[in-house]
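What follows is a short report on a single structure.
The values are calculated or read from the model by the stated rules, or taken from the named source; none is laboratory data. Computed from a predicted structure; not experimentally measured. When we count neighbours, we look across all protein chains shown, and the Cβ atoms used for this are built from the backbone with ideal geometry, even at glycine. Note: accessible area is taken over every heavy atom of the protein model, side chains too, but ligands, DNA and RNA are not part of it. Shrake-Rupley method; radii C 1.70, N 1.55, O 1.52, S 1.80 Å.
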Amino acid sequence: SAASDVYKRQVHNSVANIISFDNEYATALDIALGQAQQNIVVENENTAKKCIEHLKKSNKGRVTFLPLNNIKAKVISSDVYSTLLKEEGFINIAENLVSVESNYKNIVSHLLGLVIIVDNMDNANRIARKINFRSRIITLDGQVINSGGSITGGAINKNNNNLFLSVYLFCNFALLKK
């Protein structure tokens, strides 16, 4: 129907389906995007509102929508960027490692414009200190130094979508046994 055609044009795609990147960056970018890969790009906030109403009515769960007209690009500060360019191990800003159609540039920039990709943890630690823990840094193998200085890492289980829950339970059981 004409109505469903309009709807299809209004609901674009998931973030995962609008981007592509080289395999060597797959782990880092997968970690950088996390759950945002499932976010849905829509034409505007009105479309998001309609989709949310539908999800509520059908009790189908929650989704984050990215209305194209709302989402603003995020740009790393020039002083941080000029520091990065001089640092051993700096690869790029995550956004620059992703190919995307021009109409979706702001979406990618919003999600990845402040994320720094580096080669390894030693360089990540040094760079994080140099930029005063102002940005999230991710290594090629997916370890993370979050802005503020906390560190996230470990083995990455590709098949486990609910890594949070398994880690949470694992940690709680470990504590209970003590």
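Among the residues examined, Asn70 does not qualify as in contact (Cβ under 8 Å) with a residue 24 or more places away in the chain and open to solvent by less than 40 Å² (accessible area, probe 1.4 Å).
Which residues, counting only those in segment 47-89, are farther than 26 Å from Ile117 by Cα, of a type in the set (Lys, Arg) and either modelled with pLDDT of 95 or more or outside any loop (DSSP other than H, G, I, E, B) (or both)?
Matches in segment 47-89: Lys49, Lys50, Lys56, Lys57.
Annotation note: of Ala26, Ala36, the sole residue that is in a helix (DSSP H, G or I), closer than 18 Å to Asn146 by Cβ and not polar (S, T, N, Q) is Ala36. Pick from segment 9-44 the residues that are charged (D, E, K, R) and modelled with pLDDT of 90 or more: which of them is nearest to Ala155 (Cα to Cα)? Going through the qualifying residues, I end up with Asp30. Among the numbered conditions (1) more than 20 Å from the chain's Cα centre (by Cα); (2) farther than 21 Å from Gln37 by Cα; (3) open to solvent by less than 70 Å² (accessible area, probe 1.4 Å), tell me where Gly61 comes up short. Checking Gly61 against (1) more than 20 Å from the chain's Cα centre (by Cα); (2) farther than 21 Å from Gln37 by Cα; (3) open to solvent by less than 70 Å² (accessible area, probe 1.4 Å), the one that fails is (2). What do you reckon, is Ile40 crowded, with 17+ Cβ neighbours inside 10 Å and closer than 23 Å to Phe133 by Cα? The answer is no for Ile40.
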